[in-house]
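S.K.: Supplied in structure tokens, the structure appears directly below.
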Amino acid sequence: MNSPLVWKRFAAFVIDFLIVFMIVYTAFADILTPIVQSGIDKADPVFLYFFAVFSLLLLLYFVTLEKKLGQSIGKIFMNLFVVGKKVDGRSFPHLIRGAFLIPFFPFQLLLILDPLFMMFTKNNQRLMEIFSKTTTVSRRAS
Amino acid sequence: MTKKVKRSRWVTIGITLLVVWFLAFVLSGFTGVFTGESGDGFSGNVALIPVKGVILGESDDSLFGGGIASSEEIVEQIEKAARKDNIKAIVLEINSPGGSAVASDEIAHALKKVNKTTVAWIREVGASGGYWVASASDHIIANRMSITGSIGVIASYLEFSGLLERYNVTYQRMVAGKYKDLGTPYKKLTPEEAELFQRALDRLRDYFVDEIVRNRNMDEDYVNKIATGMFYVGDEAYELGLVDELGGKDEVIAYIERQEQIDVDFVDYKPKKGFSELFGGVMGEQSFHVGKGIGHALTSQKPISQWNILT
């Protein structure tokens, strides 16, 4: 097992982000399109609600796929795997991994803290990966 | 990886994406519930803002409360509509007998700041403060039978000194500042107090008249002559120059289409209480009544801040 390059992990996340964003935006298109066209007011409650729903559904996406397959779609493309002790068949470790996506305080702080930890850990582990005892690798041990 | 495992993997991915898509559609339907905003509040090109009930500063937060047109909320809707590029005109749908002078002025002031076509559409009643608000618009349309006008100020109240005397109840006057209890219902107004009170009301009326003169571009002497507090039926108001057109929704649409060269598509701009606000309002009101007691609410003397001085 070896630690994947940070750019690969970032690219995998971007792919997953875009896939889920397109799906969720489609559902909200009728409501959001007029707001986008007339200019987004940052405090607009509809926009904030969309962001909250999108974050939670992205979390659901990661928890479900990483629990069932050990990979999300982005990780499949980048040949990355989520491994760890006692994670098979359990949702909780994957929920911890994705805690930075929870759109409420104090979890929002993880948006900065979580990736920052990657610079200081040996295997480029995020903070929540340490807590969930998981790691992202570029080859799964057989 | 075997073909079967690969297929199974993509089936899992497909089902997950389907679940995400389904949940997104379901949750998008609840947008209005959680945000307290109208789900279709962002399409349309003419904002329709209701001004219904007595015009006061703050809203009634109770679950089934109504009958109050909160200037705070209406101003917010006007400002929101003014900011949206897709909104070309604002229509105030007025059905109000009036209310607080300050609250009416706040709405009128916000309406005058709008750099778009504004129309006041008076339904059954647009009197007193309701007319004050209407006068700030570019164009007033009322039904021939609408009740409007009533340009004046009222602060009448029931005075119980006779009743108290009859039942041998004494009003114990304890004040520091000789006019502190001016207007208390428990004693008669002295001639001096009556004159002071009247002077304040006259001053408010003068402000009201000034607003009509400015907003409607009318002669001050003329407005003073018709500002007797008398209400006028729609067609009378039209003859007096207080309204611009007699009609209803069709006339509102026709006016805006002429002014803006658009096909009018109304969108409701009204504050909707989200679930959390409704729930909080109910709990808050229950707590208030348990803590304070209905008896205290009935017997406490009203401070000046609770006088009903209304336009």
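The values are calculated or read from the model by the stated rules, or taken from the named source; none is laboratory data. Note that the coordinates shown come from a computational prediction; the quantities given were computed from them, not determined experimentally. Here the Cβ positions follow ideal geometry from the backbone for every residue, glycine too, while neighbour counts run over all protein chains shown. SASA here: full protein model, heavy atoms, side chains in, ligands and nucleic acids out. Shrake-Rupley method; radii C 1.70, N 1.55, O 1.52, S 1.80 Å.
S.K.: When N is the residue count of the stretch B:173-277, what does its C-alpha Rg come to as a fraction of 2.2 N^0.38 Å? Walk me through the numbers on the way to the answer.
M.R.: On the way: Rg = 22.3 Å, N = 105, 2.2 N^0.38 = 12.9 Å.
Normalised Cα radius of gyration, the stretch B:173-277: 1.73.
S.K.: Could you grab the relative contact order for the stretch B:101-152? Cα pairs under 8 Å, six or more apart, rounded to a whole percent.
M.R.: Working: 77 pairs, mean separation 21.1, N = 52.
Contact order relative to length: 41 percent.
S.K.: Right, something else. Given a 1.4 Å probe, how much area per residue of chain A is accessible, in Å²?
M.R.: Details: 7680 Å² over 142 residues.
On a per-residue basis, chain A sits at 54 Å².
S.K.: Report ³J(HN,Hα) in whole Hz for each residue of the stretch B:265-271, in order, from the Karplus equation J = 6.51 cos²θ - 1.76 cosθ + 1.60 where θ = phi - 60°; Gly and Pro get x.
M.R.: So the Karplus estimates, Gly and Pro as x, are 10, 5, 9, 6, 10, 9, x Hz.
S.K.: Do you know the relative contact order of chain A, to the nearest whole percent, from alpha carbon pairs under 8 angstrom that are 6+ apart? Don't skip to the answer; put the middle values down first.
M.R.: On the way: 168 pairs, mean separation 43.7, N = 142.
Relative contact order for chain A comes out at 31 percent.
S.K.: Hey, another quick one. What is the sum of charges around B:ASP206, taking Lys and Arg as +1, Asp and Glu as -1, for the other residues whose C-beta is under 11 Å from the C-beta of B:ASP206? Don't skip to the end; give the middle numbers.
M.R.: Working: positive: B:ARG199, B:ARG203, B:ARG205; negative: B:ASP202, B:ASP210, B:GLU211, B:GLU220.
Summing Lys/Arg as +1 and Asp/Glu as -1 gives -1.
S.K.: Report, by chain and number, residues whose modeled amide H sits under 5 Å from the one on B:ILE55, excluding near sequence neighbours (fewer than 5 apart, same chain).
M.R.: For B:ILE55, whose amide H was placed from the backbone, the distant partners under 5 Å are B:ALA69, B:GLY98, B:GLY99, B:SER100.
S.K.: Which is the longest part of chain A that has none of the chymotrypsin sites (Phe, Trp or Tyr not before Pro) sitting in a DSSP loop with at most 15 other Cβ atoms within 10 Å? Before the final figure, lay out the partial values.
M.R.: Values: sites that count: A:PHE104, A:PHE120.
It works out to A:1-103.
S.K.: Then there's this: Using only C-alpha atoms and all pairs of different ones, pull out the Kirkwood radius for the stretch B:124-182 in Å with one decimal.
M.R.: Values: mean 1/r = 0.0640 Å⁻¹.
After inverting the pairwise mean of 1/r, the radius is 15.6 Å.
S.K.: From the residues B:PHE208, B:ALA227, B:GLN172, which one has its Cα farthest along the dipole of the stretch B:157-239 in the positive direction, the dipole being from +1 and -1 charges on Cβ of Lys/Arg and Asp/Glu about the Cα centre?
M.R.: Of the options given, the answer is B:GLN172.
S.K.: Another one. Using a 1.4 angstrom probe on the protein heavy atoms only, line up A:ILE76, B:ILE13 by accessible area, largest first. Please report the intermediate quantities before stating the final value.
M.R.: On the way: A:ILE76 30, B:ILE13 5 Å².
The ordering from most to least exposed comes out as A:ILE76, B:ILE13.
S.K.: Now for a separate question. Helix A:45-69 versus the longest principal axis of chain A: what angle, 0 to 90°, nearest 10, using Cα atoms?
M.R.: So the inclination is approximately 30 degrees.
S.K.: What translational diffusion coefficient, to the nearest whole µm²/s, does chain A have by Stokes-Einstein, given a Kirkwood radius computed over alpha-carbon pairs, a temperature of 20 °C and 1.002 mPa s viscosity?
M.R.: On the way: Rh = 16.0 Å.
The estimated diffusion coefficient comes to 134 µm²/s.
S.K.: Order the peptides B:173-181, B:94-102 from the highest to the lowest mean number of other Cβ atoms within 10 Å of their residues.
M.R.: Working: B:173-181: 10.1, B:94-102: 22.9.
Taking the mean over residues of other Cβ atoms within 10 Å, the ranking is B:94-102, B:173-181.
S.K.: If I model a spin label as a point 7 Å beyond the Cα along the Cα-Cβ vector, how far apart are those points for B:GLU236 and A:MET22 in nm?
M.R.: 6.7 nm
S.K.: Related question: Report in % the part of the accessible area of the stretch B:108-230 that belongs to carbon and sulfur, leaving out ligands and nucleic acids; probe 1.4 Å.
M.R.: Working: 3670 of 7020 Å².
The computed percentage sits at 52.
S.K.: Okay, moving on. Per residue, how much accessible area does the stretch B:136-199 show when a 1.4 Å probe rolls over the protein heavy atoms, in square angstrom?
M.R.: In whole numbers, the stretch B:136-199 has 66 Å² accessible per residue.
S.K.: List the residues whose amide H sits under 5 Å from the amide H of B:VAL243, counting only those 5 or more places along or on another chain, with H placed 1.01 Å from N in the peptide plane.
M.R.: B:TYR238
S.K.: Would you mind checking B:LYS113/B:LYS249; A:LYS67/A:LYS133; A:LYS133/B:LYS6; A:LYS68/B:LYS6 for any pair whose Cα atoms are more than 19 angstrom apart?
M.R.: B:LYS113/B:LYS249; A:LYS133/B:LYS6
S.K.: Whole-Hz ³J(HN,Hα) for each residue in the stretch B:210-217, computed from phi via Karplus 6.51 cos²θ - 1.76 cosθ + 1.60 with θ = phi - 60°, x for glycine and proline: what do you get?
M.R.: Each residue's phi maps through the Karplus curve to give 4, 4, 5, 4, 6, 5, 9, 6 Hz.
S.K.: Looking at the stretch A:82-142, which trypsin sites (Lys or Arg not before Pro) are DSSP coil and have at most 15 other C-beta atoms within 10 Å of their C-beta?
M.R.: A:LYS85, A:LYS86, A:ARG90, A:LYS122, A:LYS133, A:ARG139, A:ARG140
S.K.: Using every Cα-Cα pair within the stretch B:78-164, state what percent have a distance larger than 23 Å.
M.R.: Values: 1165 of 3741 pairs.
That tail contains 31 percent of the Cα-Cα pairs.
S.K.: To continue, here is another question. Could you run the numbers on buried accessible area between B and A, total for both chains, 1.4 angstrom probe, in Å² to the nearest 100? Spell out each step's value before the answer.
M.R.: On the way: alone 18750 and 8860 Å², together 25280 Å².
Accessible area lost upon association: around 2300 Å².
S.K.: Which of the peptides B:84-92, B:164-172 is most tightly packed, and how do the rest follow, going by the mean number of other Cβ atoms within 10 Å of each residue?
M.R.: On the way: B:84-92: 21.7, B:164-172: 9.9.
Peptide ranking by packing, descending: B:84-92, B:164-172.
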